[in-house]
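Scroll down for the structure; my scribbles are underneath it.
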Amino acid sequence: VKKSDAVRQILGTRLDNTPRATGSAYAPANIALCKYWGKRDAELNLPQTSSLSISLGKRGATTELKIIEAPTDQIILNGKLLEASSGFSQRLLQFINLFRPRQNFCVAININSNIPIAAGLASSAAGFASITKALADLLDWKIHTSELSLLARLGSGSAARSVWDGFVEWHAGSRSDGMDSVAEPLLTIWPEFCLGLVILDETEKKISSRDAMQHTVATSPLYSDWPRQVALDLALIKDAITTKNFTLLGLTAEANASAMHATMQHAVPPINYSTASTTDTMKKVWNARAAGVEVYFTQDAGPNLKLLFLAGNTENITQLFPACEIIQPFC
Ligand code: PMV
């Protein structure tokens with residue numbers, strides 16, 4: 001109910017627009033440098049704290065929507081037709097239903113993602129942001145990107161950030177209707193800034209970020225300190241971006257990810273997304289740094305790591321982490 005109220009508040013009479021034949025859009029994935037972990041409202045995906053991310057340029061998801069003359073919707077993910085009863089289909093259809101209150105059309109939804117799904121690589125962010133933008137195209141909303149951010153948030157919290165490119169801050173906001181919980185881009189362009197995706201495991205995560213967050217907030221004695229930690233880290237990271245202080249950015253982002261995982265490891269029972277290869281790769285990062293190669297890691301709700309480094313170190317990184325896929329968000 002709260003979600004449909006929010007949609008009505010944002011779209012108003014545009015909710016009654018007649019769909020065109022097709023709509024399509026792309027949105028990048030994003031990796032948080034200062035993490036979102038814990039909600040103050042589970043239905044509206046309102047976070048406990050603000051967060052800050054970098055969008056991944058050409059790595060993300062494209063959604064094509066097509067009106068079909070059929071009794072039910074059709075969902076195709078990376079070329080495979082999904083069962084309507086699958087968890088992913090249900091979540092997606094619930095989201096789409098918010099935007100067709102009278103159930104007056106059926107759609108074929110074709111999503112193509114060039115990042116592994118549900119392996120802690122923020123694929124749901126790219127997915128829900130691209131679906132929101134494709135709906136805006138299909139239903140001709142003529143909408144501002146900030147409003148797209150509010151709507152995408154209703155699908156997946158971190159999707160609020162994927163409607164923008166570059167560095168993006170998602171403001172936690174304080175309103176109970178969430179109208180001030182919106183993402184905004186930072187102005188800094190940093191062409192040398194690189195990420196490396198170290199994919200250690202592509203299988204689907206055992207516990208969703210939604211469930212893991214809720215469990216952490218409810219049971220972890222460390223969680224009470226998390227908002228204070230985020231406030232400090234966020235200020236440092238914003239400052240590091242503005243002054244292009246890569247050392248400050250890397251150290252703070254790595255510490256922030258480790259602090260998030262510490263809150264989970266202290267939940268009862270604990271949640272641990274790392275595998276032995278995650279820990280090995282972390283050690284390789286620390287050894288590389290000790291040997292003078294400036295590289296940091298961050299980790300989300302999965303075993304894979306994302307490396308942070310500057311373009312001048314690309315050759316070193318390829319040598320040390322041969323399987324790593326390099327992304328230059330600003331190029
Ligand atoms: O938006 P969700 O429910 O996929 O949660 C994302 C949580 C993290 O990726 C771990 C952190 C973040 O800020 O992206």
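Odds and ends about this structure:
- Paramagnetic reach from LYS206 (point 7 Å along Cα→Cβ, amide N under 20 Å) across the stretch 268-302: 268-282, 299-302
- Ellipticity at 222 nm from helices only: DSSP H runs of n ≥ 4 in the chain, each -39500 (n - 2.57), divided by the residue count, give -11000 deg cm²/dmol.
- Counting only heavy atoms of the protein chains and using a 1.4 Å probe, LYS205 has close to 60 Å² of accessible surface.
- Compactness of the stretch 200-248 - radius of gyration and Dmax, Cα, Å: 15.6, 39
- Ignoring aspartates and glutamates fewer than eight residues from LYS206 along the same chain, the ones with Cα atoms less than 18 angstrom from its Cα are ASP300.
- Full extension of the chain segment joining CYS331 with ASP140 gains 65.8 nm, where the gain is 0.36 nm per residue of separation less the Cα-Cα distance.
- Protection-proxy order for peptides 69-82, 127-140, 266-279, 224-237, each taking the mean of Cβ atoms within 10 Å per residue, highest first: 127-140, 224-237, 266-279, 69-82
- Put a dot 7 Å past the Cα of THR247, heading toward its Cβ, do the same for HIS266, and the two dots end up 2.9 nm apart.
- Those lysines that a straight Cα-Cα span of less than 23 Å connects to LYS205, excepting residues fewer than 8 apart in one chain: LYS35, LYS39, LYS80, LYS283, LYS306
- Reachable aspartates and glutamates, given that their alpha-carbon falls under 20 Å from the alpha-carbon of LYS133 and they are not under 8 places away in the same chain: ASP5, ASP16, GLU64, ASP73, GLU147, ASP165, GLU169, ASP180, GLU184
- Amide H contacts of GLN74 (H built 1.01 Å from N, in plane; Pro and chain starts excluded): VAL107, ALA108, ILE109 sit under 5 Å, all sequence-distant by 5 or more or on other chains.
- Take the Kirkwood radius over Cα pairs of the stretch 12-149, plug it into Stokes-Einstein at 20 °C and 1.002 mPa s, and you get 135 µm²/s for translational diffusion.
- Computed on protein heavy atoms with a 1.4 Å probe, the accessible areas place THR18, THR203, THR49 in the order THR18, THR203, THR49, largest first.
- Residue separation of ILE68 and THR279 scaled by 0.36 nm, minus their Cα-Cα distance, works out to 71.2 nm of gained length.
- For the stretch 222-275, fraction of C-alpha pairs farther apart than 15 Å, in %: 51 percent
- By the Kirkwood approach, averaging reciprocal distances over each pair of separate Cα atoms, the chain gets a hydrodynamic radius of 20.3 Å.
- Bridge type composition, the chain - antiparallel percent by DSSP, nearest 5: 90 percent
- Size-normalised alpha-carbon gyration radius of the stretch 162-241, reference 2.2 N^0.38 Å: 1.39
- Across all directions, the average flat footprint of the convex hull enclosing the Cα atoms of the stretch 181-289 is 8.6 nm².
- A full extension of the chain between ASN287 and ASP177 corresponds to an added length of 34.9 nm, given 0.36 nm per residue minus the alpha carbon distance.
- Net charge of neighbours whose Cβ lies under 10 Å from the Cβ of ASP140, counting Lys and Arg as +1 and Asp and Glu as -1: +2
- Working ranking of peptides 207-217, 314-324 by packing, defined as the average number of other Cβ atoms within 10 Å per residue, highest first, is 207-217, 314-324.
- The residues of the chain expose, per residue, 43 Å² of accessible area to a 1.4 Å probe.
- Rg over Rh [alpha-carbon atoms, Kirkwood Rh] for the stretch 77-209: 0.97
- Highest-first packing order for the peptide set 51-61, 252-262 is 51-61, 252-262, based on the mean count of other beta carbon atoms within 10 Å.
The values are calculated or read from the model by the stated rules, or taken from the named source; none is laboratory data. Quick caveat, the model's predicted, so the values are computed rather than measured. Reconstructed Cβ throughout: ideal geometry from the backbone, glycine too, with neighbour counts over all protein chains shown. Just the protein is used for accessible areas: all its heavy atoms, side chains included, with ligands, DNA and RNA removed. Shrake-Rupley method; radii C 1.70, N 1.55, O 1.52, S 1.80 Å.
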